[in-house]
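Below is one structure, written out as structure tokens; the observations come after it.
The values are calculated or read from the model by the stated rules, or taken from the named source; none is laboratory data. Computed from a predicted model, the values in this text were never measured in an experiment. Using ideal geometry, Cβ is built from the backbone for each residue, glycine included, and neighbour counts are taken over all protein chains shown. Areas reflect the complete protein model, heavy atoms only, side chains present, ligands, DNA and RNA absent. Shrake-Rupley method; radii C 1.70, N 1.55, O 1.52, S 1.80 Å.
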Amino acid sequence: MPLVKCPECDAEISDKAVVCPKCGYPLSSKANMLYVGRKFMWGYEWKTKSQIFGWPLVHIAIGRSKETGKLMGAKGIIAIGQFAVGLITIAQFGFGLLFGFGQFVASPMFVIAQFAVGGYFGLGQFAIGVTAVGQFAVGHYVRALVGFGNHVWSKHIKDPQAIGYFSNLWQSTKSLDFISVIKGILNL
């Protein structure tokens, strides 16, 4: 196996190496990394060719652009990435028009996230929504350890209307009748 010199540190390495084992310098496009100073940045992006209203059906963008070194964001009907906007969004930081899932996510409809801001339904450690479920929650109907709203079911507050609402919601969920669940959430 022939040896070559690393252009960064002059170490002798295999000509088949993707990165230098001594300093980590990328030696091949297979490295799929962006070298910025002495740090490696990587990224991945993929989109479907089919589009709806000018947005790709699915857009996945994670990490940094190889061309610019800037963080990438996903924008599509289904958007997946660290930063994403779409009809359905899975992101660390995102906005989903219909549904969002991730760490810090907002949606006018339904959200499941650590920090969830949902118009109709928010589920998370910190949740906001007309229906809010979480450790800390704010909404109209609230099920939480600590909650604030019109009808709260928590450790210290047991509003009968909240108990009835969440009991019906749970029964609908257990029967896997998601249409009834959505109707129950929307028909306050």
Mind counting the residues in the range 78-95 that are more than 22 Å from residue 135 (Cβ to Cβ), open to solvent by less than 60 Å² (accessible area, probe 1.4 Å) and under 8 Å from the mean Cα position of the chain (by Cα)? 5
Residue 151 being without any contact (Cβ under 8 Å) to a residue 24 or more places away in the chain, in contact with a strand residue (DSSP E or B) (Cβ under 7 Å, 6 or more places away or on another chain) and not hydrophobic (A, V, I, L, M, F, W, C): yes
Looking only at the range 111-137, count every residue that is assigned to a strand (DSSP E or B) and touching a residue at least 60 places away in the same chain (Cβ under 8 Å) and tell me the total. 1
Look through the range 96-144, keep the residues that are open to solvent by 40 Å² or more (accessible area, probe 1.4 Å) and in contact with a Leu (Cβ under 6 Å, 6 or more places away or on another chain), and return whichever of them is nearest to residue 73 (Cα to Cα). 97
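Listed here are the residues, each with its yes/no results for (1) at pLDDT 85 or above; (2) open to solvent by 90 Å² or more (accessible area, probe 1.4 Å).
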{"position": "14", "(1), (2)": "no, no"}
{"position": "31", "(1), (2)": "no, no"}
{"position": "36", "(1), (2)": "no, no"}
{"position": "40", "(1), (2)": "no, no"}
{"position": "49", "(1), (2)": "yes, yes"}
{"position": "58", "(1), (2)": "yes, no"}
{"position": "61", "(1), (2)": "yes, no"}
{"position": "64", "(1), (2)": "no, no"}
{"position": "76", "(1), (2)": "yes, no"}
Test for residue 61: is it part of a strand (DSSP E or B), over 28 Å from residue 170 (Cβ atoms) and touching a residue at least 12 places away in the same chain (Cβ under 8 Å): yes
Scan the range 151-170 for residues that are open to solvent by 100 Å² or more (accessible area, probe 1.4 Å) and either aromatic (Phe, Trp, Tyr) or over 15 Å from residue 121 (Cβ atoms) (or both) and jot them down. 155, 156, 158, 160, 170
